[in-house]
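Before any comments, here is the structure.
The values are calculated or read from the model by the stated rules, or taken from the named source; none is laboratory data. As the structure is a prediction and not an experimental result, all values here were calculated from the model. Cβ coordinates were reconstructed from backbone atoms using ideal geometry, including for glycine residues, and neighbour counts include every protein chain displayed. These area figures cover heavy atoms from the full protein model, side chains too; ligands, DNA and RNA do not enter into them. Shrake-Rupley method; radii C 1.70, N 1.55, O 1.52, S 1.80 Å.
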Amino acid sequence: ARQKKARRIAPRPVGGALRPIVRCPTVKYHTKVRAGRGFTLDELKGAGIHKRYAKTIGIAVDYRRTNRSVESLQQNIQRLKEYSSKLILFPKKNSKPKKGDASEEEIKL
């Protein structure tokens with residue numbers, strides 16, 4: 001079933017939108033790390049990605065979340081930069097590719 005879904009949604013990630021790494025609240029669970037709901041606006045700004053553009057390229061955004069530690073902020077900014085460097089954007093029109101779109105060699109991969 002997973003392989004079938006992976007083939008069906010081909011170039012997109014199978015796990016859904018990219019999510020941030022957050023720490024759980026309360027003393028009992030604060031050592032545990034899990035996936036959060038979405039990246040903060042500060043994290044997106046640090047990676048140089050606009051909040052509306054982030055949703056179109058598969059990045060979850062949570063405008064209510066705030067950053068309380070510099071370490072997690074830097075970790076999530078690095079995660080966003082790594083994701084955007086690996087991202088291959090297909091042009092809407094092959095005759096007129098835009099600035100951020102992939103080249104023809106990358107599309108053939």
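Listed by first and then second residue, the pairs linking a residue in the range 1-21 that is more than 30 Å from residue 63 (Cβ to Cβ) to a residue that is open to solvent by less than 100 Å² (accessible area, probe 1.4 Å) and not in a helix (DSSP H, G or I), with Cβ atoms under 6 Å apart and 6 or more places separating them unless they lie on different chains, are 6/14.
Residues considered: 61, 70, 33. Of these, the only one that is closer than 21 Å to residue 89 by Cβ and β-branched (Val, Ile, Thr) is 61. Contact map, the range 36-54: residues that are modelled with pLDDT of 95 or more and among the β-branched types (Val, Ile, Thr) paired with residues that are open to solvent by 10 Å² or more (accessible area, probe 1.4 Å) and outside any helix (DSSP H, G or I), Cβ distance under 7 Å, separation 6+ or inter-chain. Pairs shown: 40/62; 40/65; 40/66; 40/67. The residue list 53, 63, 83 contains one member that is in contact with a Leu (Cβ under 8 Å, 6 or more places away or on another chain) and open to solvent by 90 Å² or more (accessible area, probe 1.4 Å), which is 63. Suppose we filter the range 62-81 for residues that are without any contact (Cβ under 8 Å) to a residue 40 or more places away in the chain and under 9 Å from the mean Cα position of the chain (by Cα); how many remain? Within the range 62-81, residues that are without any contact (Cβ under 8 Å) to a residue 40 or more places away in the chain and under 9 Å from the mean Cα position of the chain (by Cα) number 1. Applying the selection to the range 64-109, what residues are aliphatic (A, V, I, L, M), part of a helix (DSSP H, G or I) and modelled with pLDDT under 70? Once the filter is applied, which keeps residues that are aliphatic (A, V, I, L, M), part of a helix (DSSP H, G or I) and modelled with pLDDT under 70, the range 64-109 yields only 107.
When the residues of the range 37-47 are filtered to those that are under 12 Å from the mean Cα position of the chain (by Cα) and not basic (Lys, Arg), the one that is most open to solvent (accessible area, probe 1.4 Å) is 47.
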